[in-house]
Amino acid sequence: MQSLTSTAYPQTVNRFVFPNGIVLITIENQAADLIAGRIFLKNAGSGWESRAKAGLSHLVAAVLTKGTTNLSSVEIAEQVESVGASLSADTSADYFLLGLKTVAADFAPMLQLAGEILRSPSFPEAEVKLEKKLTIQSIRSQQEQPFNVAFNHLREAIYPEHPYGVSVLGTEATVSELTRADLLEYHQTYFRPDNLVISLAGRIDQQQAINLVESAFGDWQVPDHPLPQKTLISLNSNPSQQLIFQETQQSIIMLGYLVAAVTSKDYPVLKLISTYLGNGLSSRLFVELREKRGLAYDVSAFYPTRLDAAPFVAYMGTAPENTAIAIEGLRAEVERLSTNKLTDMEIQGAKNKLLGQYALGKQTNGEIAQIFGWYESLGLGIEFDSQFQQDVTQVTPETIQAVVDRYLDKPYLCVVGPNLNLDLN
């Protein structure tokens with residue numbers, strides 16, 4: 001049993017491990033008569049898929065709540081809706097998730113229902129076919145959106161062999177080939193107690209949480225076969241340039257860099273750089289490229305949290321006739337970080353913004369359950385919440401410049417738009 005008082009959240013965060021391997025995180029919050037739960041499969045998600053099965057995790061999430069060996073999809077929906085609760089499944093690159101929320105008095109039966117869904121889903125054939133059709137429609141829809149087209153091509157260039165190179169949805173070709181048998185095999189492989197993190201936040205104390213989880217999951221036995229190990233795929237940055245013609249009203253420009261995973265000491269520094277460059281109306285890219293030069297309809301930067309090496313992306317939308325000068329401007333703003341140290345005032349402003357938004361992301365029970373369960377599922381532990389904030393406060397101009405030189409050197413470039421007669425050399 002482990003306890004921690006977070007600097008950003010006054011309540012105690014408790015951690016408990018059951019004999020069958022389930023990790024329970026409890027954050028008591030008596031402010032409202034609600035409990036939110038996040039149930040993570042920590043070694044699952046699209047990052048564990050083969051390229052041939054891309055989209056399998058998403059399809060499992062889409063069909064998971066549509067029936068069990070004892071309940072139909074209608075009966076599940078009636079149980080949830082009759083008490084005004086919410087229950088849904090989702091997946092990401094690095095985990096699989098079942099989320100639920102209800103008033104405290106109804107949480108026990110909802111957790112029992114979640115347990116039945118996780119342990120004995122039926123994956124009805126008709127639902128599998130329907131969700132495959134809907135997923136393919138979503139994939140086709142993304143192909144009509146210039147931003148998604150650009151990011152999909154950029155992602156594929158950065159991760160040519162890695163699962164991160166494909167959307168969580170998969171591709172039209174791979175989703176078309178998925179079968180109910182694939183879903184059953186996925187469930188048998190990854191849905192097991194020693195792969196589970198249950199994070200609960202709200203009007204519940206640790207002992208109550210232990211009792212409820214014991215009732216719903218305590219008799220779930222660990223199977224004899226070990227969890228599959230994630231295939232290690234070498235990631236070597238080999239920047240390329242791509243021009244994709246599409247009849248659009250604006251050009252989408254993306255610069256991408258292969259940077260550090262969440263477990264790296266450079267992670268908080270890169271988060272701060274991303275905030276400084278592209279987060280909000282006061283960010284460097286917005287002020288310089290939109291406000292001062294009028295080049296950008298939309299401009300930003302993002303750096304998603306990943307277990308493996310992550311993409312760092314700066315992008316903008318611009319008028320087609322400004323594409324060449326916009327590429328030059330976007331590159332120059334990133335390169336400036338290497339040639340000119342940020343001032344103490346600039347860094348402090350970015351720190352205030354990053355830490356302020358981080359705190360605002362933990363206002364509800366659902367957000368609190370999500371972040372602590374997420375950290376545990378990534379193997380970072382509940383203490384990462386405080387450690388990350390402390391690390392951000394310690395970043396210096398010299399640290400930023402060193403990290404920029406280490407990662408943000410030669411970018412991948414992807415441009416989507418009309419009349420792309422450009423010399424990229």
Pairs with Cβ under 6 Å, 6+ apart, first in the stretch 403-416 and assigned by TED's automatic domain parsing to the domain that holds residue 247, second modelled with pLDDT of 95 or more and among the hydroxyl-bearing types (Ser, Thr, Tyr):
407/257; 408/257; 411/257
Could you say which residue among 63, 80 is hydrophobic (A, V, I, L, M, F, W, C) and touching a Pro at 6+ places or on another chain (Cβ under 8 Å)?
63
Any chance the stretch 331-350 includes a residue that's in contact with a helix residue (DSSP H, G or I) (Cβ under 9 Å, 6 or more places away or on another chain), touching a residue at least 24 places away in the same chain (Cβ under 8 Å) and more than 17 Å from residue 400 (Cβ to Cβ)?
no
Yes or no: residue 126 within 16 Å of residue 59 (Cα to Cα), loosely packed, with under 15 Cβ neighbours inside 10 Å and under 25 Å from the mean Cα position of the chain (by Cα)?
no
Examine the stretch 43-51 for a residue that is surrounded by 16 or more Cβ atoms within 10 Å (Cβ to Cβ), in contact with a Gly (Cβ under 9 Å, 6 or more places away or on another chain) and in contact (Cβ under 8 Å) with a residue 24 or more places away in the chain, and state whether such a residue exists.
yes
How about the stretch 221-258: which of its residues are outside the structural domain of residue 392 (by TED's automatic domain parsing) and of a type in the set (Asp, Glu)?
224
Can you name the number of the only condition in (1) aliphatic (A, V, I, L, M); (2) assigned to a helix (DSSP H, G or I); (3) in contact with a helix residue (DSSP H, G or I) (Cβ under 9 Å, 6 or more places away or on another chain) that residue 204 fails?
(2)
Test residue 199 against the stated conditions and say whether it is polar (S, T, N, Q), closer than 30 Å to residue 50 by Cβ, surrounded by 17 or more Cβ atoms within 10 Å (Cβ to Cβ) and touching a residue at least 60 places away in the same chain (Cβ under 8 Å).
yes
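Per-residue answers, yes or no, for (1) out of contact with any strand residue (DSSP E or B) (no Cβ under 6 Å at 6 or more places or on another chain); (2) of a type outside the set (D, E, K, R); (3) modelled with pLDDT of 95 or more:
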site	(1), (2), (3)
267	yes, yes, yes
276	yes, yes, yes
281	yes, yes, no
302	no, yes, yes
312	no, yes, yes
323	no, yes, no
350	yes, yes, yes
361	yes, yes, no
Among the candidates 139, 158, residue that is among the β-branched types (Val, Ile, Thr) and over 18 Å from residue 94 (Cα atoms)
139
Give the residue that is nearest to residue 414 (Cα to Cα), with candidates limited to residues of the stretch 209-244 that are surrounded by 13 or more Cβ atoms within 10 Å (Cβ to Cβ) and small (Gly, Ala, Ser).
240
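Counting only residues that are in a strand (DSSP E or B) and at pLDDT below 65, which one in the stretch 1-39 is surrounded by the fewest Cβ atoms within 10 Å (Cβ to Cβ)?
Of everything passing the filter in the stretch 1-39, 5 is surrounded by the fewest Cβ atoms within 10 Å (Cβ to Cβ).
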Filtered residue count, the stretch 372-401, keeping only those that are more than 25 Å from residue 337 (Cβ to Cβ), out of contact with any Gly (no Cβ under 7 Å at 6 or more places or on another chain) and in a helix (DSSP H, G or I)
8
The stretch 135-151, residues that are not β-branched (Val, Ile, Thr) and not in a loop (DSSP other than H, G, I, E, B):
137, 138, 140, 141, 142, 146, 147, 148, 150, 151
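Being aliphatic (A, V, I, L, M), more than 28 Å from the chain's Cα centre (by Cα) and either assigned by TED's automatic domain parsing to the domain that holds residue 411 or in a helix (DSSP H, G or I) (or both) is true for just one of 301, 326, 261. Which residue is that?
Of the residues listed, the single one that is aliphatic (A, V, I, L, M), more than 28 Å from the chain's Cα centre (by Cα) and either assigned by TED's automatic domain parsing to the domain that holds residue 411 or in a helix (DSSP H, G or I) (or both) is 326.
Report whether or not residue 68 is farther than 20 Å from residue 131 by Cβ, at pLDDT 95 or above and β-branched (Val, Ile, Thr).
no
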Those residues that are on the phi < 0 side of the Ramachandran plot and among the small types (Gly, Ala, Ser), I need them from the stretch 10-43; list them, please.
31, 32, 36, 37
Criterion: in contact with a strand residue (DSSP E or B) (Cβ under 7 Å, 6 or more places away or on another chain) and not in a helix (DSSP H, G or I) - qualifying residue of 111, 118, 169, 97:
97
The one condition in (1) within 18 Å of the chain's Cα centre (by Cα); (2) part of a helix (DSSP H, G or I); (3) of a type outside the set (Val, Ile, Thr) that residue 311 fails to fulfil
(2)
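The values are calculated or read from the model by the stated rules, or taken from the named source; none is laboratory data. Quick caveat: nothing in here was measured; it's all calculated off a predicted structure. Note: ideal-geometry Cβ built from the backbone for every residue, glycine included; neighbour counts use all protein chains shown.
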